[in-house]
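Notes follow the structure.
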Amino acid sequence: MKKTLMAAGFVLFSFMLPLKASAASYEDIYVFGDSISDTGNAFATSGNTFPPYPYYFNGRFTNGYNWIDELAKKLDIDSPTLYADIVNGTIPNNGINFAFGGATTTQANTVSNAFFGLPQEISAFQSYLNQTQQLADPDALYVFWFGANDYLPTDSTNFEPFTTPDQTLANISNALQTITSLGAKNILVLNLPKLGNTPLALNLDKSIPGTTDTLNALTQEHNDGLSQIIKDLNQDPVLDLNIISLDVISALDDISKLGFTNTTEPCFNKIAQTICANPDEYLYWDEIHPTARAHKLFAGAALAAIPEPSPALGMLALGALGAGGVLKRRHKKSTVSIGNRE
């Protein structure tokens with residue numbers, strides 16, 4: 001059976017987890033992304049109809065909790081509050097998840113016009129900060145994972161996939177600069193797996209030869225460009241950022257020893273609406289989304305990669321512990337009413 005480099009992102013550093021589990025100490029996570037990171041925004045916005053239950057678990061695009069849920073659990077905090085819940089008056093707890101299934105780096109969403117793209121997610125974050133009269137918490141962790149929906153084939157009439165990474169990378173660069181200008185310091189930025197090795201691309205390659213190679217080449221171009229963006233931002237002395245890049249294909253491992261016996265086919269067959277008998281042995285739940293077990297392994301990789309909050313910021317926090325503690329408590333208890341979605 002063909003092995004896929006996609007698996008690297010889900011096993012990278014997973015065996016190091018016992019040694020690294022205490023390395024990070026974040027209380028809040030702010031998430032920007034698409035379906036891989038969406039813990040229920042698309043589901044809530046669609047009136048609890050998409051992704052469809054029971055084939056997908058509680059609004060996640062997989063058969064269980066996703067990697068954001070699992071990462072929060074490993075940090076011993078709750079999964080960050082959904083932006084969809086913040087809109088309805090919920091007070092945020094342990095950060096906010098702005099990710100929407102179908103999000104591209106443009107205003108377009110490949111699933112629904114009611115769902116966000118990257119610019120809307122950033123705008124929602126800005127609105128939240130404006131209404132709470134806050135800067136972005138410099139001690140929080142910001143998670144940023146975008147790009148797959150810009151390139152993958154889609155039946156959507158809302159978006160035509162890009163064939164070069166130029167616009168996608170420019171959009172990502174602008175978004176990263178925006179959140180850093182708002183005060184974000186510790187940012188985990190993820191690149192893309194080999195999109196040509198997804199079940200979707202492998203199946204298309206049978207009728208459209210070259211699909212796999214084209215998407216994998218595009219993935220490499222994207223990742224190379226993203227690496228340069230991160231390098232440039234980290235080297236800016238004025239910004240003083242701590243951006244960590246998690247490369248999901250650089251550490252290919254022998255995934256068979258982790259129990260994945262199928263890395264090329266989906267466990268859930270959307271057309272037949274059937275589910276495999278052994279989902280924990282499948283890398284993919286559907287044509288593009290990983291299984292819950294893969295998400296869990298990936299959370300371990302993310303935990304091992306993320307840094308401690310900035311030491312300089314930590315010293316400042318110690319110097320103003322009383323005032324800072326009061327401000328943070330007031331921030332968490334403040335009632336937030338974000339405006340209508342755009």
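A few comments on the model shown:
- If you go through segment 192-221 and keep only what is surrounded by 15 or more Cβ atoms within 10 Å (Cβ to Cβ), touching a Gly at 6+ places or on another chain (Cβ under 8 Å) and not aliphatic (A, V, I, L, M), you end up with P193, D205, T211, T212, T214, N216, T219.
- When T39, T62, T81 are screened for being farther than 22 Å from N278 by Cβ, of a type in the set (S, T, Y), over 13 Å from the mean Cα position of the chain (by Cα) and at pLDDT 95 or above, only T81 passes.
One line per residue, one yes/no per condition, for (1) crowded, with 18+ Cβ neighbours inside 10 Å; (2) more than 21 Å from Q220 (Cβ to Cβ):
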position: Y83; (1), (2): yes, yes
position: G101; (1), (2): yes, yes
position: L118; (1), (2): yes, yes
position: Q134; (1), (2): no, yes
position: L141; (1), (2): yes, yes
position: F144; (1), (2): yes, no
position: E160; (1), (2): no, yes
position: S181; (1), (2): no, yes
position: I187; (1), (2): yes, yes
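- Of the residues L239, L218, the single one that is within 22 Å of F32 (Cβ to Cβ), among the hydrophobic types (A, V, I, L, M, F, W, C) and not in a helix (DSSP H, G or I) is L239.
- Any hit, segment 181-188, residues being hydroxyl-bearing (S, T, Y) and either out of contact with any Lys or Arg (no Cβ under 9 Å at 6 or more places or on another chain) or at pLDDT below 95 (or both): yes
- On the stretch given as segment 181-206, residues that are outside any loop (DSSP other than H, G, I, E, B), of a type in the set (D, E, K, R) and under 19 Å from F298 (Cα atoms) total 0.
- Residue in segment 210-231 that is in contact with a strand residue (DSSP E or B) (Cβ under 6 Å, 6 or more places away or on another chain) and at pLDDT 95 or above present: yes
- Candidate set: segment 267-298, residues that are surrounded by fewer than 24 Cβ atoms within 10 Å (Cβ to Cβ) and of a type in the set (G, A, S); chosen: the one farthest from Y151 (Cα to Cα): A277
- Top-ranked residue of segment 64-86 - restricted to ones that are assigned to a helix (DSSP H, G or I) and either without any contact (Cβ under 8 Å) to a residue 12 or more places away in the chain or among the charged types (D, E, K, R) (or both), ranked as farthest from F98 (Cα to Cα): K74
- Looking at L152, L129, just one residue is under 17 Å from the mean Cα position of the chain (by Cα) and surrounded by fewer than 24 Cβ atoms within 10 Å (Cβ to Cβ), and that residue is L152.
- When restricted to residues that are closer than 30 Å to F159 by Cα and in a loop (DSSP other than H, G, I, E, B), segment 87-120 contains 19.
- Considered as a group, the residues in segment 139-168 that are among the small types (G, A, S) and in contact with a Gly (Cβ under 9 Å, 6 or more places away or on another chain) include one that is modelled with the lowest pLDDT, and that residue is S156.
- In segment 98-106, the count of residues that are touching a helix residue (DSSP H, G or I) at 6+ places or on another chain (Cβ under 8 Å) and closer than 23 Å to E27 by Cβ is one or more.
- Any chance S256 is modelled with pLDDT under 90, surrounded by 14 or more Cβ atoms within 10 Å (Cβ to Cβ) and over 27 Å from T164 (Cβ atoms): no
- Selected residue [under 22 Å from A292 (Cα atoms), among the hydrophobic types (A, V, I, L, M, F, W, C) and part of a strand (DSSP E or B)] from F43, F61, F32, F50: F32
- Of all residues making up segment 1-29, the number that are modelled with pLDDT of 50 or more and not in a loop (DSSP other than H, G, I, E, B): 1
- Look at (1) part of a loop (DSSP other than H, G, I, E, B); (2) surrounded by fewer than 24 Cβ atoms within 10 Å (Cβ to Cβ); (3) not acidic (D, E) and you find that S123 fails only one, number (1).
- Residues being free of Cβ contacts under 8 Å to residues at least 24 places away in the same chain, closer than 23 Å to T154 by Cα and part of a loop (DSSP other than H, G, I, E, B) - total across segment 271-285: 2
The values are calculated or read from the model by the stated rules, or taken from the named source; none is laboratory data. Quick caveat, the model's predicted, so the values are computed rather than measured. Methodologically, a virtual Cβ is constructed for each residue, glycine included, from the backbone with ideal geometry; neighbour enumeration extends over all protein chains shown.
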